[in-house]
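A quick write-up on the structure given underneath.
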Amino acid sequence: MSLPLEKKQQLQNILVDSASKISQLCSELSTEIRELNQPTQLNSKVDQVFKSFLNWNREISHHINTLFETQINLEKQVSTLNDEKKKLEVLYSSGILFSSKQEKKSLIESALEIVVKELKANAGFITLINDRDEIDSIYSKNMLLNDNPDAMEISTTVIRNTLKSHSPVQIDNIDDRQEYAKQVSIIKLGITSVLCVPLISGSKVLGAVYLDKRKTENSFSNNDLMYLISFANLIVKGLEISTQIDTLEKKMISDQFIKLDDLRQEFASSEIIGRSKKLFDVLKVASKVAATDASLIILGESGSGKNLLAQAIHRNSRRKEYPFYTVDCSSIPTDLLESELFGYESGAFTGATKTKVGKLELANGGTLFLDEVGEMNINLQPKLLRVIQTKEFERLGGIQPIKIDVRIIAATNKNINELIQTNKFREDLYYRLKVIEITMPKLRDRKEDIAGLVNYYLNKNSTDDKLFTITEKAIEVLENYNWPGNIRELEHVLLRCIVLSKSSEIDSDDLPPEIVQQFTEELPMNDGMTLAEAETEFRKRFILKVLRKAESKTEAAKMLGINRTHFHKLLSQLEIEI
């Protein structure tokens, strides 16, 4: 017995007990009055008091019953709301899960497991169709279709009707539906209630989700149908991301032997200097991503060129005729960052004398680059997430939704997973941004690009009257340095040399002392370096040194005393792109 029913019973027992005692007292009082030969009107008053008490007792009992029934109903409603809340929490977490699942089979199996459990179905199926609208694959839960043709018959019938109509099917009492009720499979399986929702991406139907209940009087509710529709939308989003990534991966695999010069023709990125294998791999991925509208996040240390890569992706995309805006989340205070992104209406706050258009609105049709997004305040992140999900926002102080079409590229030098663990960055926002993730290599990991970068910055700052050059010795010193500030630090060092150098030729003496002091002719010995790794590092450094002196690959091969075929093989093994 529940607590409210126990309390109700206790109160009723008290009232019954009280009525019994009052009745006995009234009876004794009437007897005493008669024995004293008192007037009959006293007896009449005693009877009236007793009747009033009985009426009061009945009224109190009625109110108690009403109160307890209300409480029981409220508890049922609270329980129902808690169940709905848990289902919505599962729906929300499923959205995060599906956006991170890149493999289609894993995504579908996870989705089926969750939705069957949450809607208390006995069995479920997810069907995917091909470009010819034929059923391509069926995933089942709690039923082996090959061993049960009856289950296949009923599910395919309902699914085909759903796919044909492009609309959900809900059958609360299958006995009332003539087209299904007489089917042998329905009778055998004892199916009583069915839900089926199409998976629709834009104008294309991808498949359907089917659920049924068996041998039970509890049918699926309208809330269950709405839940399944929302759940189906999450599955579609996951499938879209999975397909997009799969397409990109296939294209990358088919083009894996593309040469760097050919890639530069396809993906215009002349401002990103270098020919190293690590940079080549980054540009190869970027060239595929640029053609899509997929959100992406660029990871890498400060000064590694994340901004340049974001701009190159924009210039090679279909949005290249539209604006590219950058917002540095680390350099703008939190309260100003919100107005910088969303803008504000006149009078929204003290000092807002006129309307300001935010960067999101200014970048409409183009690209918004959120640099150092890891610095964004946790309270502002849900607003950005909503923009990505709904493609609309309101200015501060505004009530009118503004629709936008903006591609968001984010970048950070932080460890996002650590930020998520410490509740400084929302996991759901990370997965929304991380459709594609690119990591810019550190300059110390692509030292073969240093000579090219040096010449680029020297030429950039040269004039007709003064052409800056650099000695071989100075290049060796720069290649030996570890570059914690990456390309930005290298540029600043060269600018310093240009300003302070006594001649147009920069030598090692012109470099900052802290860089020169670290230089050694010997091969740097890192802890744990094997003999094979040391040999590889030496070969790479030696060949790069020869290549700088030689005017061609043929001349470099001659200087090394090997034939051209062997030389090209060495370049490939050492991942040196020339």
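The values are calculated or read from the model by the stated rules, or taken from the named source; none is laboratory data. Source: prediction; values computed, not measured. Methodologically, a virtual Cβ is constructed for each residue, glycine included, from the backbone with ideal geometry; neighbour enumeration extends over all protein chains shown. Note: areas computed on protein heavy atoms with side chains; ligands, DNA, RNA excluded. Shrake-Rupley method; radii C 1.70, N 1.55, O 1.52, S 1.80 Å.
For Asp172, the solvent-accessible surface with a 1.4 Å probe is about 80 Å², rounded to the nearest 10. Summarised as an ellipsoid, the range 286-327 has semi-axes of 18, 12, 9 Å, derived from the eigenvalues of the Cα gyration tensor scaled by 5 and square-rooted, with the largest first.
Here's how it looks for Asp136: its modeled amide H is under 5 Å from those of Leu128, Ile129, Asn130, which are all 5 or more places away or on a different chain.
Between the range 383-428 and the range 314-350, the alpha-carbon centres lie 12 Å apart.
Phi-derived couplings, Karplus 6.51 cos²θ - 1.76 cosθ + 1.60 at θ = phi - 60°, listed residue by residue for the range 134-139: 9, 5, 9, 7, 10, 10 Hz, with x used for Gly and Pro.
Here are some pairs, Lys141/Lys434; Lys403/Lys434; Lys502/Lys558; Lys356/Lys391; Lys320/Lys460; which of them have Cα atoms lying more than 28 Å apart in this structure? Before the final figure, lay out the partial values.
Working: Lys141/Lys434 30 Å; Lys403/Lys434 23 Å; Lys502/Lys558 36 Å; Lys356/Lys391 19 Å; Lys320/Lys460 25 Å.
Result: Lys141/Lys434; Lys502/Lys558 exceed 28 Å.
In terms of accessible area, using a 1.4 Å probe and ignoring ligands and nucleic acids, Met529, Met226, Met440 rank largest first as Met226, Met529, Met440. The 1.4 Å probe gives accessible areas that order Lys215, Lys553, Lys502, Lys21, largest first, as Lys502, Lys215, Lys21, Lys553.
Surface composition of the range 421-537: carbon and sulfur make up 45 percent of the accessible area, probe 1.4 Å. With a 1.4 Å probe rolled over the protein heavy atoms of all chains, the accessible area of Thr292, Thr326 falls in the order Thr326, Thr292, largest first.
Taking all protein chains as shown and a probe of 1.4 angstrom, Tyr227 keeps an accessible surface of around 10 Å². For Val357, the solvent-accessible surface with a 1.4 Å probe is about 60 Å², rounded to the nearest 10. Rounded to the nearest 20, the size of the Cβ-charge dipole of the range 379-496 about its Cα centre is 600 debye, with Lys and Arg at +1 and Asp and Glu at -1. Remark: the range 403-530 projects, on average over all directions, an area of 13.4 nm² (convex hull of Cα atoms). Of the two radii for the range 323-404, the radius of gyration is 0.94 times the Kirkwood radius, both from the alpha carbons; that is the Rg over Rh value.
Across the range 331-465 the C-alpha pair distances fall into 5 Å bins from zero in the proportions 2, 8, 15, 17, 15, 12, 9, 9, 6, 4, 2, 0 percent.
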